[in-house]
Amino acid sequence: MKITLYQNEDQCCGCSACVNICPQNAISMIRNQKGFEYPAVDSTKCISCNACKNVCDFQNPKGSKNHILQAYAMQHKDKNVVFNSSSGGAFTAISDWVLLQGGTVYGAVFDNETFYVKHISAECSNERDSMRGSKYVQSSLGDVFKQIKKDLESGEKVLFSGTPCQCAGLCSYLHGHPENLVIVDLLCHGTPSPDLLVKHINRIEISSKKEIQDYRYRSKKYGYEHTHEALFTDGTKICNVDIKRILKFFVIGMRPSCFECKYTNRERYGDITIGDMWDAPKLVGITDHKGTSTVIVNTQLGKKIVDEIKDSCVLIPVDEKDIRQSALKERVKKPKNYEKFWNDYLKHGYDYVLEHYAPVTIKSWGLFTVQKCAHRLHLDVFLKK
Ligand SMILES: Cc1cc2nc3c(=O)[nH]c(=O)nc-3n(C[C@H](O)[C@H](O)[C@H](O)COP(=O)(O)OP(=O)(O)OC[C@H]3O[C@@H](n4cnc5c(N)ncnc54)[C@H](O)[C@@H]3O)c2cc1C
């Protein structure tokens with residue numbers, strides 16, 4: 001009998017637990033026309049054991065027993081770390097704790113050739129550094145869950161960082177949360193299609209006639225805002241209002257399952273949950289406009305780690321009720337023109353949707369120019385106030 005893993009696209013979050021658990025290696029992830037990966041079963045290999053159906057947390061959420069114990073505002077004391085991280089560098093501080101004990105860190109990086117995002121492992125800080133910075137598209141997990149299981153069984157300490165659905169998928173695959181595993185989940189609004197980013201990068205390369213080596217969604221060049229930056233192979237960089245137009249696709253370009261997310265609540269799969277703290281100046285008086293992390297401790301292991309890294313960071317306890325994060329409360333609502341956007345994309349291509357759904361307006365151009373000038377004149381902190 002042929003196994004059907006999902007009826008509708010919004011029933012699969014793409015965590016790859018089914019791919020990793022299949023004893024026959026009969027499942028692979030295939031990218032659809034919109035750029036999202038979905039599992040496909042090779043019926044000639046499938047033995048109908050149903051392991052793939054049983055492991056699916058998204059369709060049968062088991063729920064996490066972890067609840068928020070304490071929340072903090074955190075900023076790494078090393079300014080370079082903060083500059084190269086999306087928020088306050090919490091991920092670096094936590095992963096350093098694991099690396100110092102000889103452990104392995106799993107996180108998301110850009111594939112150098114294609115600019116698709118994938119999870120890899122790192123055993124030293126140099127390798128780990130490429131995981132810094134949020135890549136706001138869905139990452140491919142490949143057989144990472146299998147690798148993690150192997151590492152854990154050999155007694156190694158492992159850190160996995162990812163979106164809440166990826167962390168839930170990992171716990172389901174492992175039938176729990178082994179003691180030597182540290183899970184860091186992100187406060188996540190949802191994951192847009194990787195194809196949109198790849199097309200965006202191609203477009204910049206064509207118009208600039210240069211090859212892109214790195215793309216940063218959250219360059220801190222003009223402060224703690226979404227300032228995209230492309231670094232070319234010839235060493236030059238651009239950072240302008242045109243390249244940050246992809247920001248407009250954050251919601252409309254999201255995976256269908258994000259609108260059905262099961263994890264936008266206070267039951268966390270992470271020992272520690274990390275995210276941005278946009279209102280740090282008001283909440284805890286960190287006014288340098290360089291980036292501050294929200295760090296939420298959910299388990300005793302998370303508590304121990306935060307206790308042991310506190311010397312490397314500025315760490316200020318906050319009342320969890322003061323954390324204004326919709327990712328802890330409710331899933332993002334599907335925009336009314338979601339289907340139209342994707343139909344237009346499939347029919348007319350990327351340039352068309354960019355022009356129609358994310359035009360450069362006088363307002364967007366003006367705001368970016370003000371942001372740039374304010375930063376140059378050191379007025380951005382004042383303007384934020
Ligand atoms: C898709 C996505 C949506 C997010 N939505 C929100 C939100 O709504 N609100 C909020 O406060 N914060 C959100 N974040 C988290 C935020 O952008 C920062 O990643 C977080 O604050 C950690 O910052 P940092 O300075 O500690 O770490 P950094 O050093 O910047 O580390 C980034 C961490 O994110 C992981 N990561 C990067 N890209 C991906 C990816 N595509 N998939 C899985 N893991 C990835 C890396 O492995 C690393 O652990 C989101 C992140 C992602 C990737």
So what's the back-of-envelope 222 nm ellipticity for the chain, counting only DSSP H runs of four-plus at -39500 (n - 2.57) apiece and dividing by all residues, rounded to 500?
-> -9000 deg cm²/dmol
Membrane-span-like helices in the chain: DSSP H runs reaching 20 Å or more (Cα, own axis), mean Kyte hydropathy at least -1.0?
-> 194-208, 362-376
Percent antiparallel among DSSP beta bridges with both residues in the stretch 41-188, to the nearest 5?
-> 40
Farthest toward positive dipole pole in the chain [+1 Lys/Arg, -1 Asp/Glu at C-beta], among Val144, Phe110, Ser87 | Ser87
Which percent, to the nearest 5, of DSSP beta bridges fully inside the chain are antiparallel?
-> 75
By a straight-distance test (C-alpha under 16 Å), which lysines pair with Lys290 as possible cross-link partners, with residues fewer than eight away in the same chain excluded?
-> Lys77, Lys79, Lys220, Lys221, Lys282, Lys372, Lys384, Lys385
Under unit Cβ charges (Lys, Arg +1; Asp, Glu -1), what dipole magnitude, rounded to 20 debye, does the chain have relative to its Cα centre?
-> 1040
Which number comes out as Rg/Rh for the stretch 9-55 once both Rg and the Kirkwood Rh are worked out on C-alpha atoms?
-> 0.96
Work out the charge dipole of the chain with +1 on the Cβ of Lys and Arg and -1 on the Cβ of Asp and Glu about the Cα centre, then indicate which of Ile305, Phe160, Tyr338 is farthest towards its positive end.
-> Tyr338
Taking the Cα-to-Cβ direction at Lys210 and at Lys334 and moving 7 Å from each Cα, how far apart do the two end points lie in nm?
-> 4.1
With R₀ set to 56 angstrom, the calculated FRET efficiency between the beta-carbons of Lys282 and Ile47, to the nearest 0.05, is 0.45
Dipole magnitude (debye, nearest 20) for the stretch 9-55, charges at Cβ of Lys, Arg, Asp, Glu = 80
Just how many pairs of Lys in the stretch 87-167 have C-alpha atoms closer than 17 Å, counting pairs that are eight or more places apart or on different chains?
-> 4
Using the Cα centre as the reference, give the magnitude of the dipole from point charges on the C-beta atoms of the stretch 29-150 (Lys, Arg: +1; Asp, Glu: -1; all else neutral), rounded to the nearest 20 debye.
-> 380
Straight-line reach from Lys2: which lysines have Cα under 22 Å away, leaving out those fewer than 8 places along the same chain?
-> Lys45, Lys53
Cut-off under 5 Å, modelled amide H: who pairs with Val318 long-range = Ala71, Tyr72, Ala73
How many percent of DSSP beta bridges within the stretch 108-254 run antiparallel, rounded to 5?
-> 65
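Any read-out appearing in this document is the output of simple, stated calculations on the displayed coordinates, not a laboratory observation. Note that the coordinates shown come from a computational prediction; the quantities given were computed from them, not determined experimentally. Don't worry about glycine lacking a Cβ; one is built from the backbone with ideal geometry, like all the others, and counts go over all protein chains shown.
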